[in-house]
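What follows is a single structure, written as structure tokens, with notes after it.
The values are calculated or read from the model by the stated rules, or taken from the named source; none is laboratory data. It should be emphasised that the depicted structure is a prediction, and the values quoted were computed from it without experimental measurement. Positions of Cβ are generated from backbone atoms using ideal geometry, with glycine treated the same way; all protein chains shown enter the neighbour counts.
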């Protein structure tokens, strides 16, 4: 590869990465929605707010699988850049995503129920409510998120953009916003319109269960369908563990974050951006592995430097922009700007370097085991992004006072 080709590739990667990462500004909107509608959590049981991070994480894991598989399929030609009359592999993937959404909903609901019984003495009625609300919320989210995911992948591929770079970073933010809206809507219906609201939510959860039952009856023996379900179950267990560890750690450092109001403004966007850089690195690596242009060894990461450099450079630009936002909104003074910029850039260096290594290592490891890396890379790295970004941010806040 010549120097000119390398520079051209780096600029192209930087431009596409910056385009996709710019959607993370919407992460601030997701946080704003919680603030605006926080009253719904005030007048409902304690589990309603505690459940939100788990719903977002699991929805992100499933979205990561869907985005990664679509992107790789478009590159390999196993998925057509079309909205209708697509390939058999595309439809099996979609059916698997629908099934995994229900499976994940039940797992999250059961874990949350156990957690609430142990900590807050929740009743059997509360446990049933938790599972029903989670299943209904996740089922409703599919109606909105899946068509947009398909649309973004098709449009990006048709316009000559790399879906490995575009799709998940765009959809991670869009999904956070849509899932938050769905969850707030479900809670309002469930608790404000008793008993009719509970019947409606229960019926929607039952309808989702019937849809998945039909999918299983018709496609449950397809090899690719079964492979996706089995491999993601391993991922689901890992994500459930990671989410709980992250939640515990966030609680332990809430005192530090609570004294920095500007942190609340940028924190969701930081997590999204770090996770998105990992998704770009991991998803593009997966495609190269399947195309046979990259050897399945960690040393091949040097051949991936253009993608890594472009994504990392774009994230540095976004972190710099995030550091300015609290000051434009009058949340803190301009005197603190240089220090806050330095804190966010240090956070970026620590968190992104870790995520690059993790995403690439997971892609190589799963590929060498004969698994589909797209079933693992984005779900795992996006879940780890929360805790890694938090640890990095805390280190930066401590080092640069």
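Descriptive notes on the structure:
- Checked against the criteria, residue 14 does not count as touching a helix residue (DSSP H, G or I) at 6+ places or on another chain (Cβ under 7 Å), more than 28 Å from residue 267 (Cα to Cα), crowded, with 16+ Cβ neighbours inside 10 Å and at pLDDT 70 or above.
- When the stretch 155-197 is filtered for residues that are farther than 30 Å from residue 13 by Cα, surrounded by fewer than 20 Cβ atoms within 10 Å (Cβ to Cβ) and without any contact (Cβ under 8 Å) to a residue 60 or more places away in the chain, the ones remaining, listed by number, are 185, 189, 192, 193, 194, 195, 196, 197.
- Scanning the stretch 78-127 for residues that are surrounded by fewer than 14 Cβ atoms within 10 Å (Cβ to Cβ) and more than 17 Å from residue 218 (Cα to Cα) yields 82, 83, 84, 85, 114, 118, 119, 120, 121, 123, 124, 125.
- Qualifying position, being at pLDDT below 95, under 14 Å from the mean Cα position of the chain (by Cα), over 20 Å from residue 100 (Cα atoms) and in a helix (DSSP H, G or I), among 145, 184, 177: 177
- Conditions (1) more than 30 Å from residue 20 (Cβ to Cβ); (2) surrounded by fewer than 17 Cβ atoms within 10 Å (Cβ to Cβ): number failed by residue 224: (1)
- Where residue 370 falls short, out of the listed (1) surrounded by fewer than 19 Cβ atoms within 10 Å (Cβ to Cβ); (2) in contact (Cβ under 8 Å) with a residue 12 or more places away in the chain: (2)
- Test: residue 63 is surrounded by 17 or more Cβ atoms within 10 Å (Cβ to Cβ), modelled with pLDDT of 75 or more and within 30 Å of residue 231 (Cα to Cα): yes
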